[in-house]
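In what follows, a structure is listed as structure tokens, so that the remarks can point back to it.
The values are calculated or read from the model by the stated rules, or taken from the named source; none is laboratory data. These figures come from a predicted structure and were not determined experimentally. Cβ atoms come from the backbone with ideal geometry, glycine included; neighbour counts cover every protein chain shown. Note: areas computed on protein heavy atoms with side chains; ligands, DNA, RNA excluded. Shrake-Rupley method; radii C 1.70, N 1.55, O 1.52, S 1.80 Å.
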Amino acid sequence: MAMAVSLSISSLSLSSSSSSSSVSQSRVNTIQCCSSSNPNPNETASNGSLKVATTAPPRPRRIILVRHGESEGNIDESVYTRTADPKISLTKKGAAQAVECGNSIREMIERDGFPDWKVYFYVSPYRRTRETLRGLGRAFDRSRIAGIREEPRLREQDFGNFQDREKMRFEKTLRNLYGRFFFRFPNGESAADVYDRITGFRETLRSDIEVGRFQPPGERNPGMNLVIVSHGLTLRVFLMRWYKWTVKQFEGLNNFGNGKMIVMEKGYGGRYSLLVHHSEEELRKFGLTDDMLIDQEWQKFAKPGELNYGCPTLNAFFPHFDEECIVP
């Protein structure tokens, strides 16, 4: 099976490159045509004022997803019975994990070689994520931090208010029987509910990227990196929403460790792929299937706005098709 996936990925890469080349040539011809008819990049409006042509800001180099460090609730579930979930703190180990993760992020960015690189943070308002943010921040000089935004939509899945320990264990057993995505905790949320609010955050993030809201006015810094500090399930749902994974694919994912990160890095065409930074082996451990890996390989070469017409997920809905990804 691994060999088959390798062949599928290879053929997809070649096809994507060819398609991208064709699209690029078409766009070049269109630009040349417009240029020859109007060589002045600035147009005059009907009222006589000058309209200055603008270019879109460069997309951030990475979107880095960081799960909070080890919390008191991770080592002792009884904490949830007496402490509100948003007020649970990191352990000493968790605080150290956050500092270590920050250093890893800084070293990764420094290897790019951009002299003016920066980071911009989005963070869940929970205490353990804010404490993780503080640990991450120790790795960066003030001049490297472009900004911070607290984002309530990045909060943890709501399991209800002060939790009854035995009842929660029973509810989690029911969740495994019912399905991890659709099961809703009493007085709380299902992963499907988290999906709805993450959809709203995703649209905000896309808008921020398109207008370069995290960059100072007039700046076009290609060395910008976004860091999202949140919770395990919330970040898995974010990836599900971004890459349009199915419910079945989501339920096959594994949580990543406290203080660990998943990196969405910009590929050759400008889209974000997990296979730029991570190896196939790492992503398989995370839970990505053959179809998901093939799509991540396509993401490495595709441009924003392009559609994967050879989408391998097609086979999940139409099992009578061959298992091999269909590439136009």
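Taking only protein heavy atoms and a 1.4 Å probe, the accessible area of region 62-168 is 44% carbon and sulfur. What the phi angles of region 222-230 give under the Karplus curve with 6.51, -1.76 and 1.60, with θ = phi - 60°, is a coupling list of x, x, 7, 10, 9, 10, 10, 9, 8 Hz, glycine and proline written as x. Inter-label distance, His277 to Lys260: 1.4 nm, where each label sits 7 Å from its Cα along the C-beta direction.
Take each peptide in 141-147, 59-65, count the other Cβ atoms within 10 Å of every residue, and average; sorted highest first, the result is 59-65, 141-147. Taking each of Lys118/Lys285; Lys244/Lys303; Lys93/Lys172; Lys244/Lys266 in turn, the alpha-carbon distance tops 20 angstrom for Lys118/Lys285; Lys93/Lys172.
In terms of the mean number of neighbouring beta-carbon atoms within 10 Å, the peptides 292-305, 86-99 order highest first as 292-305, 86-99.
Placing a label point 7 Å from the Cα of Ile145 along the Cα-to-Cβ line, the residues of region 102-137 whose backbone N sits under 15 Å from it are 102-103, 106, 118-124, 129-137.
With a ≥ b ≥ c the root eigenvalues of the C-alpha gyration tensor of region 62-266, is it rounded (a/c under 1.5), prolate (a/b larger than b/c) or oblate? Here region 62-266 falls in the prolate category. Normalised per residue, the accessible area of region 62-266 is 46 Å², obtained with a 1.4 Å probe and no contribution from ligands, DNA or RNA. Ligands, DNA and RNA left out, the accessible area of region 197-246 computed with a 1.4 Å probe is 52% carbon and sulfur. Between Phe182 and Glu107, the modelled labels are 4.5 nm apart [label points 7 Å from Cα along Cα→Cβ]. Note that region 78-83 has calculated 3J(HN,Hα) couplings of 5, 4, 5, 7, 10, 10 Hz, one per residue in order, obtained from phi through the Karplus relation 6.51 cos²θ - 1.76 cosθ + 1.60 (θ = phi - 60°); glycine and proline are x. The ratio of the alpha-carbon radius of gyration of region 198-275 to the globular-protein estimate 2.2 N^0.38 Å is 1.21. A simple packing score, the average count of other Cβ atoms within 10 Å per residue, orders the peptides 201-208, 309-316, 174-181, 231-238 as 231-238, 309-316, 201-208, 174-181, with the highest score first. Cα centroid separation, region 78-133 to region 209-243: 15 Å.
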